[in-house]
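The next block holds one structure in the form of structure tokens; read it before the comments.
The values are calculated or read from the model by the stated rules, or taken from the named source; none is laboratory data. What you see is a predicted model, and the numbers here were worked out from it, not measured in a lab. When we count neighbours, we look across all protein chains shown, and the Cβ atoms used for this are built from the backbone with ideal geometry, even at glycine. Each accessible area value is taken on the protein alone, full model and side chains, heavy atoms only, with ligands, DNA and RNA left out. Shrake-Rupley method; radii C 1.70, N 1.55, O 1.52, S 1.80 Å.
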Amino acid sequence: MVALQLLGSLGLLIYGMRMMSDALQKMAGPQLRYILAKMTTNRVTGMLTGTLVTCAVQSSSATTVMTVSFVSAGLLTLAQAISVIMGANIGTTLTAWIMSLGYNVDLTNVVYPSFLLGIVLIYKKRHRYVGDFLFGTAFLFLSLVMLSSAGKAMDLEHNEAVISFFASFDTSSHLTILAFLAIGTLITCIVQSSAAVMAITILLCSTGVLPIYLGIALVMGENIGTTATANLVALGANTQARRAALAHLLFNVFGVVWVLIAFYPFVNMVCSLVGYDPSMGGQTAKLPVVLAMFHTCFNVINTAILIWLVPQMERAVCWLLPEKEEAKKEEFKLQYIHSNLVQTPEIAVLQAQKETSAFGERVGKMFGMVRTLFQENDSKDFAELFKQIEHEEDMTDKMEIEIARYLEQVSDGHLSDETKQKIRQMMREISELESIGDACYKLARTLDRKLEAGKSFNAHQTERLQALMLLCDNALTQMDTVMHGHRSDHDIRETYRIENEINQLRNQLKAENVQAVNDHEYDYAIGTLYVDMINELEKLGDYVVNVVEARFGRQL
């Protein structure tokens, strides 16, 4: 039963940490994304940003995965990401201090009021994320209380077998320290929670059976093992994202190496800071504080050393992970989003937005091909460009499906109302963008039919169609501007103004066409092709308006 209580407490600890982190990410929402994207102007601000965000969300893994996602989406440079990751390592030390507090202070008085207030706020939907955070905090504190009581129930300090087992290790040997470092790394990689390993270490040290030197070796291993999350997430991402994850590993490995070189003097110095003497027995109440202090000193000093070597770290990871030459004709792959980066749904929306903007650029370039095709007279060049437009239309179909599939994955997570609304808007945007791609292809097919029929537009028709195409191009340019900026910086009325001009010119051209056919200025067949072009260009303008309205949050 004690073993089950111990395992259940660890499970509750991991769940509480996850619940707190998710709730804080939902509460912060776009503000958190803004902080990570904007407040990283130099290495020092980047480090401070990583520290503050990790202290807020109580998860260095969440911050690191966010950072890797940002690098993948092109929102952070590799150098900025490295400084944020350094800060995340400092921020995660707060978790160790909270746990050490749980072994020295009775947290029961905090747990039950947090549960009560949390459930009240959850039922008041307006503040449900605050309620989730309080529930997560209560679970975290409750798990620490349960771990402490489980440790007392195990009575390890009077268990001769356990005491003799740990006493059999030579704490003065670097080989023993390396062995426990490897154990800490392995366990953290398996359970994917540095907090759980820290809790086990504090539990064993607080009972007095695990010598402080071995406990600190486990903490060092936990620092290396916690990098596994970001590296696993980055496996399927682009090279820059993998480099950011590798930089996290190098940062912690570098720290472990220099601590191992000066291990005993450094540990003794940390112990002296909290008034603990490793050579004396007892004083078990101070051991959780020693572990928390070591964790803090390790990460702060490591950051203080490496913050000035960010360019060198950047060159090192670029050398270790060189950019691979990819075949020109590779399989279709999205540029910014990857399905394995959906671990932080609130942040994944940013990558989807970036990919949607790239989708808008693609259809804009596709329309540019149509304008070139309209002026092409050489049949060979015409056929080659038409084939390229066909290929682009196929790509737009695939982009719509892949982005939609990704958004569906993201929507399966626990999201804030604002993020859910953004996903709905993006679903509408990609549908309308694909319709623009279809319109471009239909325009190209109409021009192809005209060529096959041996027909041609007269000078007046050509001039009028070019004028209509120019308006559509202006609409697409305005759409691209809106998609790449913040909606508060733009005015939707400009899009409506261009659309009105398109509609007016469409009506005028159709009326002129009826008159021209009646006056036998050109035959009915070329008049039909002419009207088909006019109608499709006007539809393209409508699709553009729909995209912009979706970006502005306007409903159908």
List, please: which pairs have Cβ atoms under 8 Å, are six or more places apart or on different chains, and start with a residue in the stretch 123-135 that is over 15 Å from Glu418 (Cβ atoms) and hydrophobic (A, V, I, L, M, F, W, C) and end with one that is in a helix (DSSP H, G or I) and open to solvent by 80 Å² or more (accessible area, probe 1.4 Å)?
Leu134/Leu117
Give Glu501, Glu512, Glu494, Glu521 a once-over and let me know the one that is outside any helix (DSSP H, G or I) and of a type in the set (Asp, Glu).
Glu521
Conditions: (1) outside any helix (DSSP H, G or I); (2) closer than 30 Å to Val349 by Cβ. Lys539 meets all but one. Number of the miss?
(1)
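Out of all the residues in the stretch 496-513, is one or more free of Cβ contacts under 8 Å to residues at least 24 places away in the same chain and crowded, with 17+ Cβ neighbours inside 10 Å? Before you say what the answer is, go through the steps one by one.
Of the stretch 496-513, the ones free of Cβ contacts under 8 Å to residues at least 24 places away in the same chain are 497, 500, 504, 507-508, 511, 513.
So of that shortlist, the ones also crowded, with 17+ Cβ neighbours inside 10 Å come out as 513.
Yes, because at least one residue in the stretch 496-513 is free of Cβ contacts under 8 Å to residues at least 24 places away in the same chain and crowded, with 17+ Cβ neighbours inside 10 Å.
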When only residues in the stretch 230-258 that are farther than 19 Å from Met47 by Cβ, in contact with a helix residue (DSSP H, G or I) (Cβ under 6 Å, 6 or more places away or on another chain) and open to solvent by less than 20 Å² (accessible area, probe 1.4 Å) count, which is modelled with the highest pLDDT?
Val256
